[in-house]
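Read the structure below first, then the notes.
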Amino acid sequence: MHVNNNALFDKNMRLFRKRFPEIYQQLQNSDCSDATLIPCDGNDVDIQLGGESFYNMGAKQFADMQVKEFWDNKLNRMFVVPKPEISLTSANNDALHENFKNSILKKATEKGLDFSEKETDTRSFYVVVLGVGLAEHLPILASLSKCRCLIVVERDIRFIHCSLKTFDWQKFLKHFRSTAGYTFEMAVFPDTQVLFNFIHNRILNYDMQSFIDGFCLLQHNIKDDAYKTVGNAIFSNQYSFARAFGWAFDELNMIHNSFFTLSSYKCFVFSGNKPVTNLPAFIIGSGPSIDQNISTIKALADRAVIISCGSSLSIMLDNGIIPDFHCELENVIENFEILQILADRHDLSKIPLIASSTIYPDTAAFFEKKIIFFRKNLSTVPLFKVGKESALGLCTPTVANTAVCVAREIGARDIYLFGVDLGSSDGKKHHGADTPYIRGDADFDWEVNTGHKLTLPMKGNFGGTVFTHEAYLSAKQNMEHEAKFYGRNCKYYNCSDGLYIHGFSPLKPEHILLMNSVEEKENFVRDMIEGFRIYEPAQFYKSWNVAERLKNSQRLQKMLVSFLDNNINDYEAFIKGLYKISNYLSNKKKIDPEMYVYRGTIRHSLSVCYYLLTRVASTENRVLFSNIVRDEFVELINQISHVVNGFYKELEDPSTAKRMVCFDEHMQ
């Protein structure tokens, strides 16, 4: 190793200019003169910062010692047991996945195979490193972990600067070629929250969460306690790194509901991205704290855009408040049944409905004005979407998330949450008094309806502790992301006595001060409603081409099976085949509807495969088990193809297509 190798430095700078332009700019703008390299024994080197040694030995020597201890002791590992996705409905699984899982376990038992509780194959698909130092630890860790996604963060640009003189970045990064299914991410930020966000976003954006089990984190810089904050944040939020995948059955339900909603009713297309106005929007949830907010909402309703969410519509109408818009999100029949009961007491027809195309189709019948948006990251977007302004992201998992997105998209500047509790302080009260769940029109149980008990204590909006669960934390996270990255021209306030939501200022309802006039609000709502264009029948028939859908499904089935063709009796090749399947389904450049349909169930099954493959008790049996999994995975792909093709044929002619009751039965 040569100290102050100018040729290597120049080569690395050219690389960074192209591959890491933001870091390159930081290097150009930073004074790193107080960082010097000190030769050590054995062609090694240390680094001094402000006259103080960093390693107290050579960088190579330190890297060898640190990584060996880290890997031998399996420190900072995240082990994730595959489970059904976080869901706000009881329908969170499908028979295809269950049959696959049961079949591989049955055949493993028949062959006498056992599984260990701990990993026997200690590879880590995802590796995060806190601290670049002189980078000598990176190739060692990459080799041991066999990682496919390596994320490195640094707080001090001086380390990067010094590494350019001693470490051949170009040689190292040749391994991390995106065309081969690898990725390497690096960032330099002093702020720990920014570093956490960078890591979190990069993992989710890489979109390979089927292999999150075995994730490992190495804190290379042990002298900077700020990195401990980043590490603690990662492990305390590990639920958010395992993204929900959905299911093939659910995606087909989404297509089915969109098909009949768009073909059966006169719908208007939602159009967002409106200029920000001075109009406030009230998002009405149905949490228990809404009961204390009714009088405030009623007093200010003539000057604020009132957006009710799901079951909160009954709260508004029973208290004499007519929402300006009502939002619906869920695809289940229960929401339709709740509205059906409410329609016996109130006329819903004059309230404009803003809803996902995927709602239970008959839901639209209660409302004269049906304004439809398309949920991003679903099969229905590439299938039916008309214009990018009609698609909403971050509008899930609750309908309150939908309303927050809608409020910003239509141009509301000040957005207020009421009754969006996302949990409970005592676990007993779950909804406001006038909701169908309290009136007795619908049943509710935390574990039955949300899939989770309230076991996670979190900070309350007005202090104290609120108990919540993972699904609501997902809703909280999406609202925070919405406010931070999309609502920079908006102001967000939380008037709910529930979970604290970062980016939403806690505000007691009595302190709300609205400056706009009644006339401004009325004109805004009228113009907004009149501005949505009709979803023409011609657009539907243009979108719906069953011959094309069948062709795409068959092509996808063949492609996925091809990734497993050449890895019989080869454990490593088989795991790479699984990587290729996941990577192909994560292709963001061209995603057909069928890729969305296939990938949920396949990703769940990949999680099970990866978890079990890395825990085969005897290493000699890895090949045997990988052959079992391979055969069953091919069968799974073929079964999905069979189900999808049968579904499309049922809807081949829109004029004669019949509603499929299987979706209603599954959801009950």
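The values are calculated or read from the model by the stated rules, or taken from the named source; none is laboratory data. Computed from a predicted structure; not experimentally measured. Heads up, the Cβs are rebuilt from the backbone with ideal geometry, glycines too, and the neighbour counts pull from every protein chain shown. Heads up: the accessible areas ignore ligands, DNA and RNA and are worked out on the full protein's heavy atoms, side chains in. Shrake-Rupley method; radii C 1.70, N 1.55, O 1.52, S 1.80 Å.
Restricting the first member to the stretch 288-307 and to residues that are farther than 14 Å from N516 by Cα, and the second to residues that are assigned to a loop (DSSP other than H, G, I, E, B) and among the polar types (S, T, N, Q), the beta-carbon pairs closer than 7 Å and six or more apart or on different chains are S289/S496; I294/N319; K298/N319. Checking each residue in the stretch 384-415 for being out of contact with any Gly (no Cβ under 9 Å at 6 or more places or on another chain), within 22 Å of S543 (Cβ to Cβ) and either surrounded by 22 or more Cβ atoms within 10 Å (Cβ to Cβ) or β-branched (V, I, T) (or both) picks out F384, V386, C395. The single condition among (1) assigned to a helix (DSSP H, G or I); (2) within 28 Å of the chain's Cα centre (by Cα) that K106 does not meet is (2). Does E69 fit the bill of being surrounded by fewer than 16 Cβ atoms within 10 Å (Cβ to Cβ), assigned to a helix (DSSP H, G or I) and within 26 Å of the chain's Cα centre (by Cα)? Answer is no for this residue.
Applying a threshold of 8 Å to beta carbon distances and a minimum spacing of six or more residues, or different chains, the list of pairs starting in the stretch 108-135 at a residue that is among the small types (G, A, S) and ending at one that is in a strand (DSSP E or B) and open to solvent by 10 Å² or more (accessible area, probe 1.4 Å) reads A108/F115; S124/R77; G131/Q219.
Among the residues of the stretch 509-529, those that are assigned to a helix (DSSP H, G or I) and either of a type in the set (S, T, N, Q) or surrounded by fewer than 16 Cβ atoms within 10 Å (Cβ to Cβ) (or both) comprise E510, H511, V518, E519, E520, E522, N523, R526, D527, I529.
Residues in the stretch 1-31 that are within 14 Å of K165 (Cα to Cα), surrounded by 13 or more Cβ atoms within 10 Å (Cβ to Cβ) and at pLDDT 90 or above: L8, F9, K11, N12, M13, L15, F16, L27. Inside the stretch 201-236, residues that are over 14 Å from Y126 (Cβ atoms), assigned to a helix (DSSP H, G or I) and without any contact (Cβ under 8 Å) to a residue 40 or more places away in the chain make up a count of 4.
Scan the stretch 479-508 for residues that are under 19 Å from L279 (Cα atoms), open to solvent by 60 Å² or more (accessible area, probe 1.4 Å) and outside any loop (DSSP other than H, G, I, E, B) and the total you get is 2.
Per this entry, I23 is not counted among residues that are touching a Leu at 6+ places or on another chain (Cβ under 9 Å) and within 17 Å of G131 (Cα to Cα). Within the stretch 416-448, the set of residues being of a type in the set (S, T, Y) and either surrounded by fewer than 15 Cβ atoms within 10 Å (Cβ to Cβ) or farther than 27 Å from L513 by Cα (or both) comprises S424, S425, T435, Y437. The one condition from (1) surrounded by fewer than 16 Cβ atoms within 10 Å (Cβ to Cβ); (2) outside any strand (DSSP E or B) that Q48 does not meet is (2).
Residues in the stretch 548-567 that are farther than 19 Å from Y598 by Cβ and open to solvent by 30 Å² or more (accessible area, probe 1.4 Å): N566 alone. Search the stretch 264-290 for residues being more than 24 Å from the chain's Cα centre (by Cα) and open to solvent by 50 Å² or more (accessible area, probe 1.4 Å), and hand back the single one that is nearest to E389 (Cα to Cα). The extreme case among them is K274. Taking the stretch 402-426 as the range and being within 22 Å of the chain's Cα centre (by Cα), of a type in the set (D, E) and over 17 Å from F524 (Cα atoms) as the test, only D421 passes. Condition first: assigned to a helix (DSSP H, G or I), within 16 Å of K558 (Cα to Cα) and more than 25 Å from the chain's Cα centre (by Cα). Can you find one or more residues in the stretch 609-631 that meet it? Checked against the condition, which is being assigned to a helix (DSSP H, G or I), within 16 Å of K558 (Cα to Cα) and more than 25 Å from the chain's Cα centre (by Cα), the stretch 609-631 yields at least one hit.
Of the residues making up the stretch 200-221, those that are at pLDDT 95 or above and either loosely packed, with under 14 Cβ neighbours inside 10 Å or under 25 Å from S30 (Cα atoms) (or both) are Q219, H220, N221. Within the stretch 285-328, the set of residues being in a strand (DSSP E or B) and over 22 Å from N523 (Cβ atoms) comprises C309, E328.
Annotation: D570 fulfils all but one of (1) of a type outside the set (G, A, S); (2) in contact with a Phe, Trp or Tyr (Cβ under 9 Å, 6 or more places away or on another chain); (3) open to solvent by 10 Å² or more (accessible area, probe 1.4 Å); the unmet one is (2). Within the stretch 647-668, the only residue that satisfies the criterion of being over 16 Å from S263 (Cβ atoms) and modelled with pLDDT of 95 or more is K649.
Checking the structure you have, find out if any residue of the stretch 343-352 is among the aliphatic types (A, V, I, L, M) and outside any loop (DSSP other than H, G, I, E, B). The answer is yes; a qualifying residue exists.
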